[in-house]
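Presented below is the structure to which this report refers.
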Amino acid sequence: MLKGFIIILVAGLLSLHAAASSEISEASESSESFGVDTLPDVTLEGVTVTAVKQGSDLSNQGIATTSLSRPALEANNMLSAKAVTSAIPNVFIPDYGSRMTSTIYVRGIGARIDQPAVGLTIDNIPILCKENYDFDLLDIARFEMLHGPQSTLFGRNTMGGVMNVFTLSPFNYQGTRILLEGASHMSFKGGLSHYAKLYNQLALSASAYYTTTNGAYTNEYNGKKCDWEHQGSGRVKLEWMPSPTLFVSNVFSFSVSKQGGYPYRYLDTGKISYNDTCFYRRTAILDGITIVKRLGDISLSSFTSYQYIDDNMTLDQDFTPLPYFTLTQARKEHAVTQDLMLRNTDSKRYNWLAGIFGFYRRYKMQAPVTFKDIGIGQLIEQHRNQAIPSYPIQWDARVFVLGSDFTCPTHGLAAYHQSSLQLGDFTLTAGIRLDYEHSSLDYHSETHTGYRTIEHATQSVYAHESIDIDDGGHLSRHFVQVLPKFSATYHINDLNNLFLNVSKGYKAGGFNTQMFSDVLQQRLMRMLGIGATYSVDEIVGYKPEVAWNFELGSAFSTTDKKLSGQANVFYLDCRDRQLTIFPDGTTTGRVMTNAGKTRSWGAEIRLTFNPWTHTTFNASYGYTNAKFVKYNDGKADYKGKFVPYSPEHTLWLEAQHAIDINRQSRWCRQLLLGANLSGAGRIYWDEANSLLQPFYALLGANVTLVAKDFTLQLWGTNLTGTSYSTFRFVSIGHEFLQQGRKRMLGATLRINL
């Protein structure tokens with residue numbers, strides 16, 4: 001496959017779409033560089049409004065970073081964080097399940113459920129709920145990834161890094177943009193956005209977006225596609241700059257999506273075939289207000305948000321044609337955040353920032369598990385009757401419900417500070433954060449059912465037992481974390497530096513709400529004389545996961561800037577590792593627990609090479625060696641085994657070339673040629689390292705016609721039809737996998753008016 005990629009490069013099917021062409025302004029049209037956005041940031045006097053917390057210049061901050069501009073993103077049709085991360089070393093978001101399962105693995109850390117390892121902000125607003133990470137977004141102006149723990153400035157759930165998304169400002173561009181796309185599997189995308197200055201100090205943008213697909217995989221039980229999806233969203237951004245020292249922005253967005261998802265193939269039969277309905281539905285609302293005020297030599301920034309999500313995941317949890325059991329997880333969550341930050345703006349030698357951050361989130365969830373005929377027979381009756389064969393039981397009805405309802409309020413407060421001092425050719429940076437979080441859970445579990453005991457000798461009813469369980473309770477946890485960081489940067493010259501970074505990060509603790517149905521099931525089994533006894537307080541709660549990151553790196557560039565990049569090596573020591581495991585007893589679910597210690601070491605490199613005018617090569621590679629230092633689940637010792645689900649290698653290769661045709665033409669100014677190769681692997685699917693996905697690579701290419709007011713791109717992904725798995729798991733003794741995306745061919749039209 002790599003050979004094929006090189007052939008395509010040599011043949012000239014090189015790049016992605018440099019400046020997305022005839023794009024946003026005549027300035028961008030004349031730009032010769034790929035992946036460099038010529039649009040300026042919105043600024044006050046000495047204050048960059050975007051990226052207020054981390055600053056707009058990432059090259060001298062002593063941390064590993066990756067930044068992608070709007071032209072590079074649009075050239076690859078990257079409308080989501082999941083798509084963008086294929087170009088970022090050691091970051092992996094598998095495309096499995098549904099948009100709810102936004103699992104992120106980075107540098108060997110991550111988890112399938114609950115808290116994320118990487119934070120996400122949109123226009124400086126942190127997204128608290130991981131289930132709202134996976135969505136499409138029109139007109140991303142810049143995407144940046146800060147690698148390694150960023151908890152000192154960004155707090156909880158950023159131990160692997162932070163993804164920052166910045167959308168296009170109506171102060172920087174005025175006009176109308178239209179997106180139309182058609183692709184394989186009856187896939188369609190349509191977007192409309194308008195940007196306008198209402199007057200010199202006030203600007204407004206509004207956008208609407210819709211996407212749909214029939215899906216690529218068929219559920220052979222009913223002959224219908226199972227990975228279909230419909231998604232719609234809208235977004236309004238209002239920016240006000242009444243004076244050179246004050247900036248106010250309000251961004252309101254909503255999205256509605258529904259999808260089938262879960263195309264899990266049963267390995268014993270090689271088929272996707274299940275009888276009960278699977279779907280995921282989500283409605284999300286986000287409103288964020290940013291205020292930046294220049295006060296002499298100090299700027300005051302305020303970031304306020306309200307976040308709402310209403311989602312429902314319904315599964316045929318056994319994923320077979322037989323009626324075992326189903327799960328519904330329906331939740332409504334409200335959250336507010338407030339971040340106040342002060343920083344100096346005029347000093348070239350000493351710079352500082354300090355802030356206070358607080359949040360409150362509260363969700364209500366209903367999570368009933370419905371047991372059906374085969375599930376009752378094989379998971380309950382069979383175990384009980386094997387234990388006491390002379391008096392077997394028969395359930396009253398072939399369907400019953402294990403009901404679980406939860407209310408979970410969480411709040412947190414943090415204070416943070418960071419200082420940077422310039423000493424000759426050195427920049428020394430130190431920071432610290434004190435973080436407090438309190439989480440509580442009110443739960444209610446119930447089931448009402450019954451069974452008959454049969455006398456084996458006479459086959460007559462010996463007795464009847466009614467089961468009426470109605471439990472409730474309250475749990476609470478609080479966590480305190482001190483999160484320091486230190487970095488030293490040696491500036492060799494204006495283009496090259498070396499940096500050393502030591503920082504601590506953490507993932508928040510919480511509650512295993514998905515475990516309550518198993519607790520209830522085990523209590524029911526104990527009433528039958530079998531099963532395990534669980535302490536709700538012990539098995540449901542889990543502690544934060546913490547990690548220390550040690551990093552050495554360099555940002556570099558040749559004098560003519562034809563070659564530039566960044567390289568770094570890291571060592572990550574992770575304690576109280578949050579792992580998803582099977583608990584003891586006859587259960588059907590998994591539980592998050594603090595089960596071990598891991599260590600990761602590796603390297604990352606990003607390169608950009610511009611050998612000739614109009615030609616650019618980009619490359620990124622990440623290597624992670626992540627193993628258990630301590631982990632014994634009571635059944636086996638996994639010390640020295642690779643951590644599952646996190647890829648050992650990630651790779652992105654990209655070539656870009658533009659052919660000038662007629663710069664004055666209305667219909668054909670440039671032809672842009674591109675090719676890319678993305679890869680990941682090895683990925684182990686279990687702690688024993690008995691199952692794995694070898695390294696795989698996916699080839700893509702595109703050709704873009706650039707006109708005055710539009711671009712038309714023909715593109716393809718996974719052109720070689722590579723078969724690979726993105727997820728593999730076991731449920732009630734059955735093994736399943738999900739195959740990755742098949743070959744896709746499409747055309748994208750972008751109109752700029």
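Quick note: the coordinates plus some simple rules give every number you see, no bench work behind them. Treat the numbers as computed from the prediction; the structure is a model and nothing was measured. Glycine also receives a Cβ, built like all others from the backbone with ideal geometry; neighbour counts cover every protein chain displayed.
Quick one: angle between helix 2-11 and the longest Cα principal axis of the chain, in degrees between 0 and 90, rounded to 10, please.
Rounded to the nearest ten degrees, it is 30.
Taking 0.36 nm per residue of sequence separation and subtracting the Cα-Cα distance, how much length would be gained by fully extending the chain between Asp709 and Ser440, in nm to one decimal?
Net length gain for the segment: 91.4 nm.
How large are Rg and Dmax for the range 140-265 when only the alpha carbon atoms are used, in Å?
Just the Cα atoms of the range 140-265 yield Rg and Dmax of 19.6, 64 Å.
Using only the Cα atoms, what convex hull volume per residue in Å³ does the range 321-452 have? Can you show the working numbers first?
Working: hull volume 27.5 nm³, N = 132.
Convex hull volume per residue, Cα atoms: 209 Å³.
Using just the helices of the chain, give the 222 nm mean residue ellipticity in deg cm²/dmol: DSSP H runs with n ≥ 4 each add -39,500 (n - 2.57), and the total is spread over all residues, rounded to 500. List each step's numbers first, then the result.
Values: 8 runs with 52 residues, N = 753.
For the chain, the value works out to -1500 deg cm²/dmol.
Mind putting together the pair-distance distribution for the range 406-529? All Cα pairs, 5 Å bins, whole percent per bin, short to long.
Bin by bin from 0 Å, the calculated values are 2, 8, 12, 10, 9, 8, 7, 7, 6, 6, 5, 4, 4, 3, 3, 2, 1, 1, 0.
State, as an integer percentage, the relative contact order of the range 254-328 based on alpha-carbon contacts under 8 Å between residues 6 or more apart. Numbers along the way, then the final one.
Details: 140 pairs, mean separation 24.1, N = 75.
Relative contact order comes out at 32 percent.
Listed here are the pairs Lys189/Lys561; Lys82/Lys225; Lys293/Lys485; Lys53/Lys332; Lys130/Lys271; Lys82/Lys364; which of them are more than 32 Å apart at the Cα?
Too far apart for the 32 Å limit: Lys189/Lys561.
Which values of log₁₀ I(q)/I(0), to two decimal places, follow from the Debye formula for the range 111-202 at q = 0.18, 0.24 Å⁻¹ with a uniform point scatterer at every Cα?
With one equal scatterer per Cα and no solvent, log10 I(q)/I(0) is -0.93, -1.14.
What ranking of Cys129, Cys668, Cys226 emerges when the number of other C-beta atoms within 10 Å of each C-beta is taken as an exposure proxy, fewest first? It would help to have the intermediate numbers written out before the result.
On the way: Cys129 19, Cys668 12, Cys226 23.
Final ranking by Cβ density, sparse to dense: Cys668, Cys129, Cys226.
Which ordering of Cys574, Cys408 is given by a fewest-first count of other beta-carbon atoms within 10 Å? Before the final figure, lay out each step's value.
Values: Cys574 28, Cys408 20.
Fewest to most other Cβ atoms nearby, the residues stand as Cys408, Cys574.
Could you please rank Asp311, Asp425, placing first whichever residue has the fewest other Cβ atoms within 10 Å of its Cβ? Working shown, then result.
Values: Asp311 22, Asp425 11.
Fewest-to-most ranking of Asp311, Asp425: Asp425, Asp311.
Working only with C-alpha atoms, what are the Rg and Dmax values of the range 659-753, expressed in angstrom?
Gyration radius and largest Cα-Cα distance of the range 659-753: 20.1, 66 Å.
What is the gain in length, in nm to one decimal, between Thr328 and Asn344 on full extension, counting 0.36 nm per residue of separation less the C-alpha to C-alpha distance?
0.7 nm
Sticking to Cα atoms, compute the Rg of the range 699-753 to one decimal and its Dmax as the biggest Cα-Cα distance, whole number, in Å.
Taking only Cα atoms of the range 699-753, I get Rg and Dmax of 18.0, 59 Å.
Let me know the charge dipole size of the range 2-752 about its Cα centre in debye, to the nearest 20, where only the beta-carbon of Lys, Arg (+1) and Asp, Glu (-1) is charged. Spell out each step's value before the answer.
On the way: 67 positive and 67 negative charges, 197 e Å.
So the dipole magnitude of the range 2-752 works out to roughly 940 debye.
In square nanometres, what is one fourth of the surface area of the convex hull spanned by the alpha carbons of the chain? Let's see the in-between values first.
On the way: hull surface 126.7 nm².
So the Cα hull casts an average projection of 31.7 nm².
Kirkwood Rh over alpha-carbon pairs of the range 202-335, then Stokes-Einstein at 20 °C and 1.002 mPa s: what D in µm² s⁻¹, rounded to an integer? Don't skip to the answer; put the middle values down first.
Numbers: Rh = 18.1 Å.
Using the Kirkwood radius from Cα pairs, D works out to 118 µm²/s.
Quick one: Cα centre-to-centre distance for the range 144-181 and the range 614-689, in angstrom?
So the two Cα centres are separated by 20 Å.
Can you pull out the chymotrypsin sites (Phe, Trp or Tyr not before Pro) in the range 599-707 whose DSSP state is coil and whose Cβ has at most 16 other Cβ atoms within 10 Å? Please report the intermediate quantities before stating the final value.
Values: sites: Trp601, Phe609, Trp612, Phe617, Tyr621, Tyr623, Phe628, Tyr631, Tyr638, Phe642, Tyr645, Trp652, Trp667, Tyr684, Trp685, Phe695, Tyr696; in loops: Tyr638, Tyr645, Trp667, Trp685, Phe695.
Answer in residue order: Trp667, Phe695.
With a cap of 14 neighbouring Cβ atoms within 10 Å, and only residues DSSP puts in a loop, list the trypsin sites (Lys or Arg not before Pro) found in the range 276-382. Each step should come with its number before you reach the end.
Numbers: sites: Arg281, Arg282, Lys293, Arg294, Arg331, Lys332, Arg343, Lys348, Arg349, Arg361, Arg362, Lys364, Lys372; in loops: Lys348, Arg349, Lys372.
When the trypsin sites (Lys or Arg not before Pro) of the range 276-382 are filtered for loop state and at most 14 Cβ neighbours within 10 Å, Lys348, Arg349 remain.
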